[in-house]
Amino acid sequence: MYELRLYVAGKTTKSVTALSNLKKYCEEHMKGEYTIEVIDLLTHPQLAEGDQILAIPTLVKKVPEPVRKIIGDLSNKEKVLVGLDIRPK
Amino acid sequence: MSDTLTPIFNNQNQLNILHKTPTGISGLDQITLGGLPTGRPTLICGSAGCGKTLFSLEFIIRGAQEFNEPGVFIAFEEKAEELAVNVASLGFDLNKLQEDKKIKIDYIHVDRSEIEETGEYDLEGLFIRLGYAIDSIGAKRVVLDTIENLFSGLSNQTILRAELRRLFQWLKDRGVTAIITGERGESSLTRQGLEEYVSDCVILLDHRIINQISTRRLRVVKYRGSVHGTNEYPFLIDEEGISVLPVTSLKLNKPVSSESISSGIDALDDMLSKKGFYRGSSILVSGTAGTGKTSISSSFANETCNRGEKCLFFAFEESPQQIIRNMHSINMDLQKHVDNGLLHFYASRPTLYGLEMHLVAIHKAIRKFKPSVVILDPITNLITVGTVSEVKAMLVRLIDFLQEEQITVMFTALTLNTVINEQTDEGVSSLVDAWLLIKDIELNGERNRGLYIMKSRGMQHSNQIREFVITDKGLDLVDVYLGPEGVLIGSAREAQMLLEETGQVLHTHAISRKDRELLRKRKVLEGKIESLKTEFESTEEELNKIYIEEDLKKEIMEQTRQKVTDIRRGNNSPE
């Protein structure tokens, strides 16, 4: 079970791209076994502190361990999958 | 809010005032003529351990405590709890300040191993966090310490540099006064070249070891829009935070006083036409070892305290207890003044700090204690931690500062040869207003001390070398003793005095003898006169007797003739 959090700052192109990319990869490789939470820091700035968010967009994989942060619009699929510790099927 | 305003003209020739934010760090506000530029970022760079974090922390804390400006401290290296512990030793309570919403400390952690960079991104998260922190307490001051950590965490330099540029512009737009710290680079001011982006004001901190002594220095490399001191200023970090050595004015327009204060030795005061030294002047007492310089300076301190004024005694050679004990043996009770709080000793070995540190420490002590008289005994030891020219420079600054405050200062200096080098004494002799020399005079197999006023600006002084004695009743200058061959001192003087005394006794004795003889002669004469008188009287009587006899004879003859005449006539009767 993957718990993923995507931090964005409003509806910028990078954020939209990242979200769509993320959904795509998750459907491909983790069918049904994931949850995506989108946190908009413009509305909830105090949440940036908890996960030490600097860059936008940032994808944080909380579960399973280890905690991983992937920053960028997630256009590089290889790196995203490596970062999420997912073996491509 | 306290501001210092410096006018600058923009292109339309209208006056644009450059506001400055005071830091509260002692000495720095003087060097920058008001503080850091308001609403602009300042770069502080230095190598590891220079004091950058402490500097920026003090800026925030003092801003909150003294100037009522809340501040945000973004730490990239230490966690908030660690920072709180580190500054607790300085007396700053970070936790309370955070609770009172005067300060916000945010720890931003960048761990390379956790991050995977995929595609385009920006650092909006940082901006959001910063914005949130500033807005939550209404901060006017911000510190980013040290932002170069971002470079080690994120590898895309292009994005990073672009975002940094954007960040500093964002800070300016927000109107916060920011301090950015950076590590010193090899070829550039900072390792990552932050000075490209933050160039309104750049301050360089330095930590050097010279002759095994560490010195910290600060230099304002650049300050757009304002005049600033461009030299290197030493500073020290102690239990109250950072103290930068304040600037001494380069103009020679100090206030002066005509009041004179006693030196504590009456005979010395008599040698000066104003009966003492001018208040606010500087006095040098020099002499070879064991000539009594510390005694003279202690006597000056004693006199100051007796007048009810405060005196600060910097002892660089003897411990305060030693001085008190030694002065007690010549009838000076310094312990009483220490107990009353009028006399304060500050003792340290010169080799403990560098020269500049000494100056800063002296400044601090003077500012804290606010004495009216300062004594430095001796200044010669300072040579061991600096060259002659450095010591002279330091003393110039000290004298400048003290004159400004109208504090009288007395230095004692050891002259190394018995032949007094009258030209320089660590080069100080030309700076001071009064110079007392204690010479060792060797004559007839013994040494005595002679005190001589070499110079005293602004008043007449005696040009005699007086004999300086230290007895258990105190210090004294013995009167000049003129013998038949010239001035005499020491045992020769005693001998001559004795001789003259004997002569005097004999002289009186002789005179009394003559007196008696005279008396006797007079008596004899008087006797003679008496006898002559009686002789005269008897002769007189004789003469008188003869007169009387003659008279009697004449009378009788008259009588007889009368009688005879009568008888003759009686014979012619008729019947």
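Miscellaneous remarks
- Calculated on C-alpha atoms, the gyration radius of the stretch B:116-176 divided by its Kirkwood radius gives an Rg/Rh of 0.99.
- P(r), alpha carbons of the protein assembly as shown - 20 Å bins starting at zero, rounded %: 14, 29, 21, 13, 8, 5, 4, 3, 2, 1, 0, 0
- Counting neighbouring Cβ atoms within 10 Å and putting the fewest first, the residues B:Tyr132, B:Tyr121 line up as B:Tyr132, B:Tyr121.
- Longest to shortest principal axis, alpha-carbon extents of the stretch B:404-560, angstrom: 129, 42, 29
- For the stretch B:260-479, the ratio of Cα radius of gyration to the globular rule of thumb 2.2 N^0.38 Å stands at 0.95.
- Put in line by how crowded their Cβ is, counting other Cβ atoms within 10 Å and starting with the fewest, B:Tyr278, B:Tyr353 read B:Tyr353, B:Tyr278.
- Per the Cα gyration tensor, chain B maps to an equivalent ellipsoid with semi-axes of 100, 26, 19 Å, ordered largest to smallest.
- For the stretch B:4-244, the Kirkwood estimate of the hydrodynamic radius, built from every pair of different alpha carbons, is 18.5 Å.
- Of all DSSP-defined beta bridges confined to chain A, some 55% are antiparallel rather than parallel.
- Members of A:Lys14/A:Lys69; B:Lys533/B:Lys554; B:Lys275/B:Lys473; A:Lys11/A:Lys77 lying beyond 28 Å, as alpha-carbon distances in this model show: B:Lys533/B:Lys554
- Convex hull volume of the Cα atoms of the stretch B:484-562, normalised per residue: 93 Å³.
- Listed by chain and number, the lysines placed with their C-alpha closer than 27 angstrom to that of B:Lys514 are B:Lys523, B:Lys528; residues fewer than eight positions away on the same chain are left out.
- Mean sequence separation of contacting Cα pairs (under 8 Å, at least six apart), scaled by the length of chain A, corresponds to a relative contact order of 40 percent.
- Sorted by Cβ density within 10 Å, fewest first, the residues B:Thr304, A:Thr13, B:Thr38: A:Thr13, B:Thr38, B:Thr304
- Orientation-averaged projection of the stretch A:2-83 equals 4.9 nm² [convex hull of Cα atoms, one quarter of hull surface area].
- Pairs from the list B:Lys20/B:Lys102; B:Lys310/B:Lys336; B:Lys254/B:Lys455; B:Lys254/B:Lys368; A:Lys24/A:Lys61; A:Lys31/A:Lys61 with a Cα-Cα gap above 18 Å: B:Lys20/B:Lys102; B:Lys254/B:Lys455; B:Lys254/B:Lys368.
Quick note: the coordinates plus some simple rules give every number you see, no bench work behind them. Computed from a prediction, not measured in an experiment: that's the story for all the values here. So basically every Cβ, Gly included, is an ideal-geometry build from the backbone, and we count neighbours across all protein chains shown.
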